[in-house]
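Only one structure is covered here, and it is reproduced in the block below.
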Amino acid sequence: MKVNFQLHPLLLLMMIFSYFLGLFTQLICFFVIITIHELGHFVAAKYFKWNVSRIVIWPFGGVMETEEFFNRPNREEFIVAIAGPIQHLWIYVVLYFAKFTTLSSLIIDQLWFANTVILLFNLLPILPLDGGRIIFLIISKFSSFHHSIAWMSFFSIVMITALNILLLLLFTDLYGIHFTFLSVFLILDNWLTWKNKHIFLLKHLLARYFVANTERSNITILKTSPSTKVSELVKRFKKECYHYVYIGDKPYPISEDDCLKALFTNNDPNLTLAKVGGS
């Protein structure tokens, strides 16, 4: 199983500085835990034949780069998301029994600390962290894909801001420059997600239309007026649902495929449903 594994230049720079500052062992412990965490995601993704471009390890986290998130069945996305945090459970077991070996207690304690910090951090309900992805999957069961990703990215920004205020006011000792950089990165990532939510929607719809992995047993009925544009209607489509759309007073619906055909094959997002229904 080939892995395109890369170390971010900032991590290499921090390794050099940490060596002279006496923090090299601590940084290596975080590096080991983060790598195991990301490999958990990678193995699960490859099991479902996801296209993974690379794994990048940062100083305080890692990322498995793939275009598959948001476009695969919820079951697959949940398993891939939870596969990272699950790794921390067996790491705890290994570290517990390591206490009875000749391994330095200082290294064991630092690995235990790094394992706990990375686990708790990734379970925060913030995109693109694992906890945020799981919360998104739950929300998408009850709301449209477009609304779910817009709401989740906005909620993530609010959560990051609230955590920063909480740490500054109540846990000043835990706050550091690394947390500031990480918070800025996460806020920018979620702001771009919110700003480009229409692009995420189009990628999601393309996967439904061309890959044809939509579950058609879960039917959702939509009702709208003949003047509604196709580009506006698809914002109401839910993940893992197949849609039939009733237009005005017409007794028969048009299908999701008809709408996606008008959007992609005919390349006419401004086409009204009156014309789609009459085609």
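The values are calculated or read from the model by the stated rules, or taken from the named source; none is laboratory data. Source: prediction; values computed, not measured. Don't worry about glycine lacking a Cβ; one is built from the backbone with ideal geometry, like all the others, and counts go over all protein chains shown. Areas reflect the complete protein model, heavy atoms only, side chains present, ligands, DNA and RNA absent. Shrake-Rupley method; radii C 1.70, N 1.55, O 1.52, S 1.80 Å.
Things to note:
- Apolar share of the accessible surface for region 38-125: 70 percent from carbon plus sulfur atoms, 1.4 Å probe.
- For a label point 7 Å along the Cα-to-beta-carbon line of ASN74, residues of region 233-274 with backbone N under 18 Å: 236-244
- Inter-probe distance in nm under a simple model that places probes 7 Å from Cα toward Cβ, at PHE48 and GLU67: 1.7
- The mean accessible area for residues of region 126-209, using a 1.4 Å probe and ignoring ligands and nucleic acids, is 53 Å² per residue.
- Stretch gain in nm, segment VAL117-THR35, where the contour uses 0.36 nm per residue and the Cα spacing is subtracted: 28.1 nm
- Rolled with a 1.4 Å probe across the full set of protein chains, the surface gives CYS259 an accessible area near 0 Å².
- For region 21-100: rounded, prolate or oblate by the Cα gyration tensor [a/c cutoff 1.5]: oblate
- Take the Cβ atoms of TYR92 and LYS223, set R0 to 51 Å, and the FRET efficiency comes out at 0.50.
- Region 88-152: trypsin sites (Lys or Arg not before Pro) in DSSP coil with no more than 11 other Cβ atoms inside 10 Å: LYS99
- Each residue, PHE185 and LYS275, gets one label point 7 Å from its Cα in the Cβ direction; the gap between the two is 4.6 nm.
- Protection proxy ranking of 71-79, 160-168 - average other beta-carbon atoms within 10 Å, highest first: 71-79, 160-168
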